Amino acid sequence: MLILLMFISSMNLLAQFTANDVFNPKTPITWLGVDFSEVRFIGPATGWGEVSTKSPTEMRDKYFPEWNSLIINEFEKFKIEDAVARLELDKNIDAVSKANEKTNKKELFSENISDYQTLDEETIKSMLKKYDFNGKDGLGFLLVAEGMSKGREEASYWATFVDMRTKKVLFTKRITGKAVGFGFRNYWAGSMKNVFKTMKKEFKNWD
């Protein structure tokens, strides 16, 4: 009997998550952060906030980690658990932080509006295959930043759920959020807050 119980337990540990688990409020979720590694800023590089000109290096080394840290430090204000119909969430942004640190895009800024939304499901899957979850498993949730449009005053993201053990994307959906707030950091963080607000209203109808 003991051997049988151990076998069943090991099988449960190896069980793969499905899209149904994403929408099952009993399935724990870990917040993984916001992946900015493929984002494009639509508008001239000048006039983006406190400093007249932003650079790809400054975005990668300063703002990408600041946005993710802001969410972690003010987690209760972003209400991510409400967005995914959970009472609470675990948090681990290590894998996403590593992906952001490797961002090496010279053309981060674009004045071509067609560059605002360029990602698709296959691109998202390819991105997550490169993640290093450092042996962690379970169901993870992240936003993949796609475009931040100065003219539209909004940002486009892919709300993405992944089985961390297999790196399989279980569900991903494009969603936009209105940018709002004072200062460059807070302005675009506002778009993330609004994404979570929209998800709270729509999530139950996504499955």
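Bear in mind these aren't lab numbers, they're just calculated from the coordinates by the rules spelled out. It should be emphasised that the depicted structure is a prediction, and the values quoted were computed from it without experimental measurement. Because the Cβ atoms are built from the backbone with ideal geometry, glycine has one as well, and the counts that use them run over all protein chains shown.
According to the Cα gyration tensor, what semi-axes, each the square root of 5 times an eigenvalue, does the equivalent ellipsoid of the range 30-205 have, listed from largest to smallest in whole Å? Can you show the working numbers first?
On the way: eigenvalues 117, 64, 48 Å².
One finds semi-axes of 24, 18, 15 Å for the range 30-205.
How far, in nm, would the chain grow between ARG185 and LYS136 when pulled straight, counting 0.36 nm per residue and subtracting the alpha carbon separation?
Details: separation 49, 0.36 × 49 = 17.64 nm, distance 3.00 nm.
Full-extension gain reported as 14.6 nm.
Using only helices, what value at 222 nm comes out for the chain when you add -39,500 (n - 2.57) per DSSP H run of length 4 or more and divide by the total residues, to the nearest 500 deg cm²/dmol? Walk me through the numbers before you get to the answer.
Details: 8 runs with 71 residues, N = 207.
About -9500 deg cm²/dmol.
Mind putting a number on the dipole of the range 82-207 about its Cα centre? Charges go on the C-beta only, +1 for Lys and Arg and -1 for Asp and Glu, and I need it in Debye to the nearest 20.
180
Report the Cα centroid-to-centroid distance between the range 144-187 and the range 112-132 in angstrom, as an integer.
Between the Cα centre of the range 144-187 and that of the range 112-132, the gap is 11 Å.
Considering amide H positions built from the backbone, and no H for Pro or chain starts, which residues 5 or more places from LYS91, or on another chain, come under 5 Å of its amide H?
TRP31
What number, in nm² with one decimal, is the all-direction average of the projected area of the convex hull of the alpha-carbon atoms of the range 25-119? Walk me through the numbers on the way to the answer.
On the way: hull surface 28.9 nm².
That works out to 7.2 nm², a quarter of the Cα hull's surface.
By how many nm would the segment from GLU101 to THR18 grow when fully extended, if each residue of separation counts as 0.36 nm and the alpha-carbon distance is taken off?
26.9 nm
Compute the acute angle (0 to 90°) between the alpha-carbon long axis of helix 2-14 and the principal axis of greatest extent of the alpha-carbon atoms of the chain; round to the nearest 10°.
Helix 2-14 sits roughly 20 degrees off the main axis of the chain.
Compute the angle between helix 64-73 and the longest alpha-carbon principal axis of the chain, please, reported from 0 to 90 degrees and rounded to the nearest 10.
For helix 64-73, the angle is close to 60 degrees.
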